[in-house]
Ligand code: NDP
């Protein structure tokens, strides 16, 4: 099958489109998925750079965590999914610990049933592919930080893949009393459209200098020291990139289709929406151009790959 793969760690130049890569075998608890759309995540290029070498699976590996596609084969112990089901999910259970060989930037991928959910009926494959890893990070992260109804939140990096979902989930699922978020000047209105009450322009203002403090600070940028200064006494700071300064804590998602199922009503009613970067979707043969763009760290929402 065609697949984007790499055999050595490095920059974009090590990532190659192969036309005859071995297709994955379906284990008894897995399904084989014909990929229709996939999305990129910073973890893809961090993994390709060798940042998780010590816990990675042996090379070559296929890039890609997020998928939306159609089930074409099911293993003997698969309970609910069947051939023809339209599914989406993050196919890699632990993002940085033993991530599996068969990622989603290929014609076919495999995943355990528990990582997947049926695609929300109102979303197309491009929209569905834009969700799994970031919406699961947002949901699990808010839970880990003890976020709940009536609490206030500051999101560092509100316009990115994760941040854009943290804002929406905090507002519409968790019932935040107030949401502030940071971005550059051009994205402030976008933050408000997602549900932020206060959009902070990081090019003009230091968020930690605001008189207002927050119950939870969700750091998607790597500003843990500064984040602590914006936290209310007794609050929490969750850090998903870089080191966490205590009492801030580091968090890494675990792929879980149950989160997607739980959030399905919010997606199907249109209250929570996938955010797709307007420069995309990028076609399958332009994956490296898509990575070049993602690696600028300026993407708005998700960089999606479609068609395959
Ligand atoms: P994105 O590539 O989507 O983030 C890009 C966004 O970051 C842009 O919109 C940009 O907005 C914003 N940004 C960049 N610098 C700043 C800044 N100084 N202040 C505020 N906003 C900024 O990344 P993701 O959202 O997918 O991921 C964010 C980080 O979290 C990555 O490092 C990723 O690896 C990590 N991550 C960790 C997970 C975990 O489980 N631990 C899971 C998922 C992601 P602007 O152009 O306005 O600067």
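Taken together, the values in this text are just the output of simple stated rules run on the coordinates, not laboratory data. Given the structure is predicted, the values throughout are model-derived calculations rather than measurements. Cβ atoms come from the backbone with ideal geometry, glycine included; neighbour counts cover every protein chain shown.
The residues listed here are 208, 212, 233; of these, the one that is surrounded by fewer than 21 Cβ atoms within 10 Å (Cβ to Cβ), part of a strand (DSSP E or B) and more than 12 Å from the ligand (Cβ to nearest atom) is 233. Residues that are buried (at least 22 other Cβ atoms within 10 Å of the Cβ), touching a residue at least 12 places away in the same chain (Cβ under 8 Å), under 25 Å from residue 111 (Cα atoms) and in contact with a strand residue (DSSP E or B) (Cβ under 7 Å, 6 or more places away or on another chain) do not occur anywhere in region 261-271.
For (1) surrounded by fewer than 23 Cβ atoms within 10 Å (Cβ to Cβ); (2) on the phi > 0 side of the Ramachandran plot; (3) within 16 Å of the ligand (Cβ to nearest atom), each residue gets a yes or a no:
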site	(1), (2), (3)
116	no, no, no
130	no, no, yes
138	no, no, yes
148	yes, no, no
152	yes, no, no
163	no, no, yes
186	yes, no, yes
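Is it the case that region 36-57 has a residue that's buried (at least 17 other Cβ atoms within 10 Å of the Cβ), more than 16 Å from the ligand (Cβ to nearest atom) and either in a loop (DSSP other than H, G, I, E, B) or in contact (Cβ under 8 Å) with a residue 24 or more places away in the chain (or both)? Yes. In the set 75, 64, 89, 69, only one residue is within 16 Å of the ligand (Cβ to nearest atom), in contact (Cβ under 8 Å) with a residue 24 or more places away in the chain and either farther than 29 Å from residue 171 by Cβ or out of contact with any helix residue (DSSP H, G or I) (no Cβ under 8 Å at 6 or more places or on another chain) (or both); that residue is 64. With respect to (1) over 22 Å from residue 154 (Cα atoms); (2) within 19 Å of the chain's Cα centre (by Cα); (3) more than 16 Å from the ligand (Cβ to nearest atom), the lone exception for residue 271 is condition (1). Note on region 70-94: residues that are part of a loop (DSSP other than H, G, I, E, B) and either out of contact with any strand residue (DSSP E or B) (no Cβ under 8 Å at 6 or more places or on another chain) or more than 27 Å from residue 286 (Cα to Cα) (or both) total 12.
Taking helices (runs of 4 or more DSSP H) as the structural unit, those lying wholly within region 102-174 and holding at least 1 residues that are farther than 16 Å from residue 267 by Cβ and touching a strand residue (DSSP E or B) at 6+ places or on another chain (Cβ under 6 Å) correspond to 132-144, 161-172.
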